[in-house]
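Worksheet for the structure shown next.
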Amino acid sequence: MWHQRADVVVVGTGVAGLVAALAAHRRGRKVVVLSKATETATFYAQGGIAVVLPDTDDSIEAHVADTIAAGAGLCDPDAVTSIVADGYRAVRELVDDGARFDEAEPGRWSLTREGGHSRRRIIHSGGDATGAEVQRALDHAAATLDIRRNHVALDVLYADGAVTGVHVLNSDGPGIVHAPSVILATGGLGHLYSATTNPEGSTGDGVALALWAGVPVSDIEFIQFHPTMLFDGDAGGRRPLITEAVRGEGGILLDRQGNSITAGVHPMGDLAPRDVVAGAIDARLRETGDPCAYLDARGIADFGLRFPTVTAACLAAGIDPTRQPIPVVPGAHYSCGGVVTDVYGRTELTGLFAAGEVARTGMHGANRLASNSLLEGLVVGGRAGREAADHARIAGATTATPIETETRVALPRRKLQRAMSQYASVVRDADGLQQLTAELDAADPRDLDGRAGFEDVALTAAARAVAAAALARNESRGCHHRSDFPDTDPALAHSQVFAAACC
Ligand SMILES: Cc1cc2nc3c(=O)[nH]c(=O)nc-3n(C[C@H](O)[C@H](O)[C@H](O)COP(=O)(O)OP(=O)(O)OC[C@H]3O[C@@H](n4cnc5c(N)ncnc54)[C@H](O)[C@@H]3O)c2cc1C
């Protein structure tokens, strides 16, 4: 077993991980960054970053109100205000680190609008390649940091109620990075489903690591399905996203007969919050038996220039979006819940922090507002990095010992994805969730002998948490729709917390 030492270990190299790592490094701490893959969700982000710019007709209050409205009664208003109010500062810091955003005219950023936003407040880059620019800038700024690729974090190690390090697997085999502070920035869990907009590495690892360390997760039943994932028959795995900004610029959602899908469903029509639009598409497809809906973007001027990423993805699938409507279906996209933290990324376990999509700060409630996640990753990532650095300075060096883990179980990945897609998708019910739970309960012991095996175990633990939370929430709210409980129950306007025992 190999051994390394650090003050702060950051797990993940997306927006949250690299911003956290830079912040901890700038506080003078020895930082080691681990990543199991080169791909991040951050790279694939298209639409942009929601941020209130000074000297516009926008306001923190308006952004907070839109976020809380989308969150369907489960946002923590203090957390939302804290994160939104810090957004412009965090974006300026990213610009100082080299990021560039599209300008409407020299010195003034171009702003677009997305579902659920009452104002144009989304800054973007390269048209619809915002994430690639954020990742490029952060990769460049962090180039001198100690970043270790192909390192899989297997366990958070702790003793006497405090973190002591991370158990890691790399090509030399298992090892330990001893450190008093660990930041989970492991992203989402889209690969719980057969088709998702998420990259290969989004397998719920951070949720599993936290649960195994006794740290609770919350709002985990709220998995956002993006209304417009490119449809291509039965193609599974990572699928291209058609950014919401296409609808922001005038694209309209139609069924095969050419009827509007959202007319009469919500006053904001095609720009209603994502759960509403995804639910409307899902309902129409069930009603008609059609395999997909259509996004007609033919009326958008200079489509190829404004949306180069979408254009390339469509052309690769044999669709010319300037001449024909784009076939779309809702796809697993974003985990609104996750590891319970405060707005500084602190978890219940001393020395363990979480930031970005893996964390549940109270920002998103039952449904994330578009483009709020890069914002949260920037703000909370930076704060978690500074907090972790300060904690490491006070705690001093630690020595970790491997923990005796109980036997871990996994369903074969395709089986798990099929069961999740069938029973815990856009619409759920008790019978299906019970069937899902029974299948998960039959999972077999699995050795953590490589990345794939570990991910299957993590996916199974995350799936158990989602199934337990979805089954316990006997109502429809945000992106959790129960056909057997179609109404929102005011008595359930609170988050559920799940600890290791559930999973
Ligand atoms: C197609 C797409 C478009 C999107 N568009 C937008 C948008 O326009 N605006 C917006 O705000 N949000 C958008 N989102 C959401 C947003 O991109 C993500 O929520 C955000 O980038 C997540 O950042 P992160 O740092 O938390 O995780 P990620 O960027 O996913 O990074 C996770 C990192 O953790 C590493 N990792 C995971 N598990 C382990 C492990 N066990 N050991 C070691 N390393 C591990 C991975 O290798 C990776 O480096 C989009 C998402 C997708 C998929």
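Things to note:
- Qualifying residue in region 183-199 (condition: closer than 26 Å to residue 291 by Cα, among the small types (Gly, Ala, Ser) and free of Cβ contacts under 8 Å to residues at least 40 places away in the same chain): no
- All of 50, 16, 79 fail the test of being among the hydrophobic types (A, V, I, L, M, F, W, C), in contact (Cβ under 8 Å) with a residue 60 or more places away in the chain and under 22 Å from residue 245 (Cβ atoms), apart from 50.
- Region 9-32, subset assigned to a loop (DSSP other than H, G, I, E, B) and away from the ligand (no atom under 13 Å from the Cβ), residue surrounded by the most Cβ atoms within 10 Å (Cβ to Cβ): 29
- Test: residue in region 362-377 that is closer than 18 Å to residue 196 by Cβ, at pLDDT below 95 and part of a strand (DSSP E or B): no
- Any hit, region 249-269, residues being in a helix (DSSP H, G or I) and in contact (Cβ under 8 Å) with a residue 60 or more places away in the chain: no
- If the condition is being within 28 Å of residue 154 (Cβ to Cβ), buried (at least 24 other Cβ atoms within 10 Å of the Cβ) and either of a type outside the set (Lys, Arg) or more than 10 Å from the ligand (Cβ to nearest atom) (or both), then region 33-52 contributes 33, 34, 35, 40, 41, 42, 45.
- Exclusive hit being in contact (Cβ under 8 Å) with a residue 60 or more places away in the chain and either assigned to a loop (DSSP other than H, G, I, E, B) or surrounded by 24 or more Cβ atoms within 10 Å (Cβ to Cβ) (or both), set 139, 128: 128
- Within region 187-198, the presence of a residue that is away from the ligand (no atom under 14 Å from the Cβ), under 17 Å from the mean Cα position of the chain (by Cα), surrounded by 24 or more Cβ atoms within 10 Å (Cβ to Cβ) and outside any loop (DSSP other than H, G, I, E, B) is excluded.
- Meets criteria (crowded, with 23+ Cβ neighbours inside 10 Å, of a type outside the set (D, E, K, R), touching a helix residue (DSSP H, G or I) at 6+ places or on another chain (Cβ under 8 Å) and touching a residue at least 40 places away in the same chain (Cβ under 8 Å)) for residue 405: no
Every residue, every condition in (1) touching a helix residue (DSSP H, G or I) at 6+ places or on another chain (Cβ under 7 Å); (2) assigned to a loop (DSSP other than H, G, I, E, B), yes or no:
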{"site": "314", "(1), (2)": "no, no"}
{"site": "323", "(1), (2)": "no, yes"}
{"site": "327", "(1), (2)": "no, no"}
{"site": "343", "(1), (2)": "yes, yes"}
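- Residue that is β-branched (Val, Ile, Thr) and over 22 Å from the mean Cα position of the chain (by Cα), where the choices are 84, 95: 95
- Condition met for residue 220 (touching a helix residue (DSSP H, G or I) at 6+ places or on another chain (Cβ under 9 Å), under 26 Å from residue 339 (Cα atoms) and among the β-branched types (Val, Ile, Thr)): yes
- Qualifying residue in region 88-98 (condition: in a loop (DSSP other than H, G, I, E, B) and either buried (at least 19 other Cβ atoms within 10 Å of the Cβ) or of a type in the set (A, V, I, L, M) (or both)): no
- Residue that is farthest from the ligand (Cβ to nearest atom), among those in region 224-235 that are more than 18 Å from residue 278 (Cβ to Cβ) and assigned to a loop (DSSP other than H, G, I, E, B): 233
- Residues that are of a type in the set (A, V, I, L, M) and part of a loop (DSSP other than H, G, I, E, B) within region 444-490 comprise just one, 448.
- Residues (of a type in the set (Lys, Arg) and surrounded by 24 or more Cβ atoms within 10 Å (Cβ to Cβ)) located in region 332-380: 360, 368
- Selected residue (only one of 422, 417 is at pLDDT below 95, closer than 26 Å to residue 222 by Cβ and either touching a His at 6+ places or on another chain (Cβ under 8 Å) or surrounded by fewer than 18 Cβ atoms within 10 Å (Cβ to Cβ) (or both)): 422
The values are calculated or read from the model by the stated rules, or taken from the named source; none is laboratory data. Just so we're clear, the structure is a prediction, and the values are computed from it rather than from any experiment. All Cβ positions, even for glycine, are placed from backbone atoms using ideal geometry, and neighbour counts span all protein chains on display.
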